[in-house]
Amino acid sequence: MKKIKKLLKKILKKFSLTNKLLDRYGKMIKHTRYTKVIVLGNARTGSSFLLEGLATLPSLKMYDEIFANHNRTHGENYESIIGATFGKVNPSIKIVGFKLFYNHLSEQELEKFLKMTDVKVIHLIRENKFKTIVSLDKAYKTNQWHLNNEAQKVSAKIKIDVNTLMERMQRIINYENRFNELFADHDMLFLSYEKLASKPKEEFDKVSSFLHLPKIDLNKIKLKKQASKELSEDVENMEEITALLKDTEYQKYLS
């Protein structure tokens, strides 16, 4: 009987100690009760600048292009990637998300992802589709995708293929419209590249309000917008393009 009492006393002592440890360190237990969010859009629309701003807040865990072709084979490993992304995190993390471009997911993967209706969506667009294409083609040519305070901008002129230009611009417009419809049941915030560049504080305040976050300190963002130029300084066949787009619905992009 004494041995049993001694054993019970030992067990109760350990149980009491365990409860105290849990009370003391309970806040360190990982969880999945965070808000899920994606930054949705096309390449060269300011998504890296937006993620850089979000990354200044310690309560966020934001991933980059987890489904991009340079990170995986298109259409493969969806379950493992999404499972790892939206897994357990430290209790200090309140929001987990990533950047998703229109072409990142296969149709089958997109169908699965749309069932996650608890995901918030920041839909980032660039109003000037022609400048989106100019920026993308320049990035491919120079291999300079981002510019910060240390990097020197690489100058290079590009030639835009006039045979595919209107098709490329219309494809972006179609993507925007389609994904607006697809995510209609989700909580969505719309942002534009132009406003994010010209009025960053106002736009980041919208993001903070949407995600119920503290305001973002713009001074902590290292990425900077590349200086605007006349289109003729970037595009060597600008006269040809101007003639092509004149008196079409795309003429507005030339300004």
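Observations
- Region 179-199, subset of a type outside the set (D, E) and without any contact (Cβ under 8 Å) to a residue 24 or more places away in the chain, residue surrounded by the fewest Cβ atoms within 10 Å (Cβ to Cβ): A184
- The conditions of being more than 22 Å from E181 (Cβ to Cβ) and modelled with pLDDT of 95 or more are met by E79.
- Residue among F210, F190 that alone is more than 30 Å from E249 (Cβ to Cβ), under 17 Å from the mean Cα position of the chain (by Cα), at pLDDT 95 or above and of a type in the set (F, W, Y): F210
- Listed here are the helices (runs of 4 or more DSSP H) enclosed by region 183-236 that have at least 1 residues being hydrophobic (A, V, I, L, M, F, W, C) and within 26 Å of K157 (Cα to Cα): 193-198, 231-234.
- Single residue of region 129-163 satisfying the filter (assigned to a loop (DSSP other than H, G, I, E, B) and acidic (D, E)) that is modelled with the highest pLDDT: D161
This table checks each residue for (1) outside any loop (DSSP other than H, G, I, E, B); (2) of a type outside the set (D, E); (3) buried (at least 18 other Cβ atoms within 10 Å of the Cβ).
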| residue | (1), (2), (3) |
| --- | --- |
| T56 | no, yes, no |
| H70 | no, yes, no |
| I81 | yes, yes, no |
| G87 | no, yes, no |
| S92 | no, yes, no |
| L100 | yes, yes, yes |
| K112 | yes, yes, no |
| E127 | no, no, no |
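- Any hit, region 164-178, residues being in a loop (DSSP other than H, G, I, E, B) and within 20 Å of S232 (Cα to Cα): yes
The values are calculated or read from the model by the stated rules, or taken from the named source; none is laboratory data. Owing to the predicted nature of the structure, the values given are computational and were not obtained by experimental measurement. All Cβ positions, even for glycine, are placed from backbone atoms using ideal geometry, and neighbour counts span all protein chains on display.
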